[in-house]
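Remarks on the structure that follows.
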């Protein structure tokens with residue numbers, strides 16, 4: 001976690017940047033889960049297993065986005081509240 005001190009980046013700057021990251025990944029998660037058409041009919045021409053592969057890939061992306069979400073959330077909490085870690 002970043003340590004705010006006299007020779008480091010400013011607290012306001014860090015707060016702003018991590019907040020922007022948090023907002024961006026939150027918006028991307030919403031787009032992935034709700035605003036992106038995802039239907040089996042778009043995959044079956046590729047043959048057996050294509051839909052299952054697409055579902056698996058989407059889940060991998062969702063998990064990666066959640067990792068970035070948690071990263072930004074932890075940093076925002078740390079900057080705001082000090083050294084204590086946020087429990088998930």
query: Any idea what angle helix 50-81 forms with the longest principal axis of the chain, computed on alpha-carbon atoms, 0 to 90 degrees, nearest 10?
result: 10
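List the relative contact order of the chain as a percent without decimals, with contacts defined as Cα pairs under 8 Å and 6+ residues apart.
Values: 43 pairs, mean separation 38.7, N = 88.
Computed value for the chain: 44 percent relative contact order.
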- line: In nm², the average projected area of the convex hull spanned by the Cα atoms of the range 11-81 is 5.1
task: Round to the nearest 10 and give me the degree value, 0 to 90, for the angle of helix 11-34's Cα axis relative to the longest principal axis of the chain.
output: 10
- prompt: How long is the gain from residue 50 to residue 30 if the chain were fully straight, where each residue apart is worth 0.36 nm and the alpha carbon distance is subtracted?
  reply: 4.8 nm
- request: Subtract the Cα-Cα distance of residue 42 and residue 61 from 0.36 nm times their separation in residues, and report this length gain in nm to one decimal.
  value: 5.0 nm
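Any read-out appearing in this document is the output of simple, stated calculations on the displayed coordinates, not a laboratory observation. The model shown is predicted, which means the values in this text are computed figures rather than measured ones.
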